[in-house]
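Peer 1: Pasting a structure below so you can have a look.
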Amino acid sequence: MPMKAAIRTRYGPPEVVGVTDVRSPVPEADEVLVRVMATTVNRTDCGIRSGHPWFIRAFTGITRPKNTILGNEFAGVVDAVGTDVSRFAVGDRVFGYDDTRFGGHAEYLTIGQDAALARMPEDHGFLAVAPATEGSHYALAYIKAAGVDQDSTVLVYGATGAIGSAAVQIVKSFGAQVTAVCGRDQLELVAGLGADRVVDRTTTDFTADSQRYDLVFLVGIARREEFQAVKRVPVPQPPETQREQGKQRDQHSAANDRHECLPASTSLRKNDPEI
């Protein structure tokens, strides 16, 4: 069965993409066929389309793209299921994310039932849920890699974009404490996402308080002064690091004591056994 799809057969600017007729995919035994009702063009699509940075071509195709149909976020309706599929049924409204095979920029796509695919909330439409997965995908990967749990204290800097807003909600779902930093116009929005504390970065120096964090989650830092400010945020050190720093402070203090006991006329030489 033919379908419409946005196809590109080479790397380049948006003009390399064109809509044409192609064969509709057929689901394998453990796959579902989704009729796509909404999708997005996001940063991943644009990077893969252009083939930049160059190292991504090791995964996407050296000279020509392996996947001709882009689109990793989608929402739609299950149109058919494979013989081994038990989690979904024809007619289910679903949304998902696939940055391996892509395929969302078409009328139909296939995806495994155990992949990043879920039923849509009843009170949400296709246009609302389709853009919800890419930012959450990245945020969850970083949060899990950092080992966040219910005892963690996390700072999210840049809490209003796709990744930052997802990070606030995911961290809270883990039971952790969240401090979110954003601009003045988004304070109410971010508080509604569940942040325990919201800081207006335009009026408050969040690096000056005594709060310490187990994880500092940086999103969308565009200016050098922002990065330098975040570098000053206090974070707890591992016990072994604390012990080493304590030894260094003790040694430094002892050395200072010896120096203070020296006569004023004594010159300090590098090979002096007292130093």
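The values are calculated or read from the model by the stated rules, or taken from the named source; none is laboratory data. A quick note: this is a predicted structure, and the numbers were derived from the prediction, not measured. Cβ atoms come from the backbone with ideal geometry, glycine included; neighbour counts cover every protein chain shown.
Peer 1: Enumerate the pairs (first residue in the range 35-46 and within 14 Å of Gly96 (Cα to Cα); second residue anywhere and assigned to a strand (DSSP E or B) and among the hydroxyl-bearing types (Ser, Thr, Tyr)) with beta-carbon separation below 7 Å, excluding pairs fewer than 6 apart on the same chain, so at least 6 apart or on different chains.
Peer 2: These pairs meet every condition: Arg35/Tyr108; Val36/Tyr108.
Peer 1: Tally up the residues in the range 187-196 that are of a type in the set (D, E, K, R) and under 21 Å from the mean Cα position of the chain (by Cα), please. Give the derivation first.
Peer 2: The initial filter retains those residues of the range 187-196 that are of a type in the set (D, E, K, R), namely 188, 196.
Then drop every residue that is not under 21 Å from the mean Cα position of the chain (by Cα), which leaves 196.
Total satisfying the criteria: 1.
Results for (1) surrounded by 13 or more Cβ atoms within 10 Å (Cβ to Cβ); (2) not in a helix (DSSP H, G or I), shown as yes or no for each residue.
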residue: Arg35; (1), (2): yes, yes
residue: Thr44; (1), (2): yes, no
residue: Ala58; (1), (2): no, no
residue: Ile62; (1), (2): no, yes
residue: Lys66; (1), (2): no, yes
residue: Gly71; (1), (2): yes, yes
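Peer 1: Sort out which residues of the range 157-185 are under 18 Å from Asp205 (Cβ atoms) and crowded, with 19+ Cβ neighbours inside 10 Å, and write them in order of number. Steps first, answer last, please.
Peer 2: Residues of the range 157-185 under 18 Å from Asp205 (Cβ atoms): 157-159, 179-184.
Within the range 157-185, Tyr157, Gly158, Ala159, Thr179, Ala180, Val181, Cys182 meet the criteria.
Peer 1: Restricting to the range 186-213, name every residue that is modelled with pLDDT of 90 or more, surrounded by 12 or more Cβ atoms within 10 Å (Cβ to Cβ) and of a type in the set (Asp, Glu).
Peer 2: Correct list: Asp196, Asp200.
Peer 1: Go through Glu188, Glu122 for me and flag whichever is of a type in the set (D, E, K, R) and in a loop (DSSP other than H, G, I, E, B).
Peer 2: Numbers: Glu188 fails: in a loop (DSSP other than H, G, I, E, B).
None of the others qualify; the one that does is Glu122.
Peer 1: Also: Within the range 86-100, can you find the residues that are aliphatic (A, V, I, L, M) and touching a residue at least 40 places away in the same chain (Cβ under 8 Å)? Walk me through how you get there before you give the answer.
Peer 2: Filtering the range 86-100 for residues aliphatic (A, V, I, L, M) gives 89-90, 94.
Passing the criteria: only Val94.
Peer 1: Moving on. Select from the range 150-167 the residues that are touching a strand residue (DSSP E or B) at 6+ places or on another chain (Cβ under 8 Å) and either among the polar types (S, T, N, Q) or under 29 Å from Val77 (Cα atoms) (or both) and list them in ascending order.
Peer 2: First, the residues of the range 150-167 that are touching a strand residue (DSSP E or B) at 6+ places or on another chain (Cβ under 8 Å): 152-160, 164, 167.
Once the filter is applied, which keeps residues that are touching a strand residue (DSSP E or B) at 6+ places or on another chain (Cβ under 8 Å) and either among the polar types (S, T, N, Q) or under 29 Å from Val77 (Cα atoms) (or both), the range 150-167 yields Ser152, Thr153, Thr160, Gly164, Ala167.
Peer 1: Gly147 fails exactly one of the following numbered conditions: (1) touching a strand residue (DSSP E or B) at 6+ places or on another chain (Cβ under 7 Å); (2) in a loop (DSSP other than H, G, I, E, B). What is the number of that condition?
Peer 2: Going through (1) touching a strand residue (DSSP E or B) at 6+ places or on another chain (Cβ under 7 Å); (2) in a loop (DSSP other than H, G, I, E, B) one by one, Gly147 breaks only (1).
Peer 1: Residues Arg49, Arg8: which one is within 27 Å of Ile163 (Cα to Cα) and either among the charged types (D, E, K, R) or in contact with a strand residue (DSSP E or B) (Cβ under 6 Å, 6 or more places away or on another chain) (or both)?
Peer 2: Values: Arg8 fails: within 27 Å of Ile163 (Cα to Cα).
Of the residues listed, the single one that is within 27 Å of Ile163 (Cα to Cα) and either among the charged types (D, E, K, R) or in contact with a strand residue (DSSP E or B) (Cβ under 6 Å, 6 or more places away or on another chain) (or both) is Arg49.
Peer 1: Among the listed residues Ile111, Ile163, which satisfies the condition of being part of a helix (DSSP H, G or I) and touching a residue at least 24 places away in the same chain (Cβ under 8 Å)?
Peer 2: On the way: Ile111 fails: part of a helix (DSSP H, G or I).
Testing whether each residue is part of a helix (DSSP H, G or I) and touching a residue at least 24 places away in the same chain (Cβ under 8 Å) leaves just Ile163.
Peer 1: For the range 61-82, give me each residue that is of a type in the set (Val, Ile, Thr) and closer than 15 Å to Ala115 by Cβ. First the steps, then the outcome.
Peer 2: From the range 61-82, those of a type in the set (Val, Ile, Thr) are 62-63, 68-69, 77-78, 81; that's our starting set.
Scanning the range 61-82 gives Val78, Val81.
Peer 1: Tell me, which residue of the range 95-109 that is of a type outside the set (Gly, Ala, Ser) and buried (at least 19 other Cβ atoms within 10 Å of the Cβ) is farthest from Ala6 (Cα to Cα)? Walk me through it before giving the result.
Peer 2: So in the range 95-109, the residues of a type outside the set (Gly, Ala, Ser) come out as 95, 97-102, 105, 107-109.
Add one more test, that the residue is buried (at least 19 other Cβ atoms within 10 Å of the Cβ), and what stays is 95, 97-98, 102, 105, 108-109.
Working: Phe95: 19, Tyr97: 18, Asp98: 16, Phe102: 12, His105: 6, Tyr108: 11, Leu109: 12 Å.
My answer is Phe95.
Peer 1: How many residues does the range 1-33 hold that are touching a residue at least 24 places away in the same chain (Cβ under 8 Å) and part of a strand (DSSP E or B)? Steps first, answer last, please.
Peer 2: Keep residues of the range 1-33 that are touching a residue at least 24 places away in the same chain (Cβ under 8 Å), which gives 3-14, 16-17, 22, 24-33.
Within this subset, residues satisfying the condition of being part of a strand (DSSP E or B) are 3-7, 22, 31-33.
Selection size over the range 1-33: 9.
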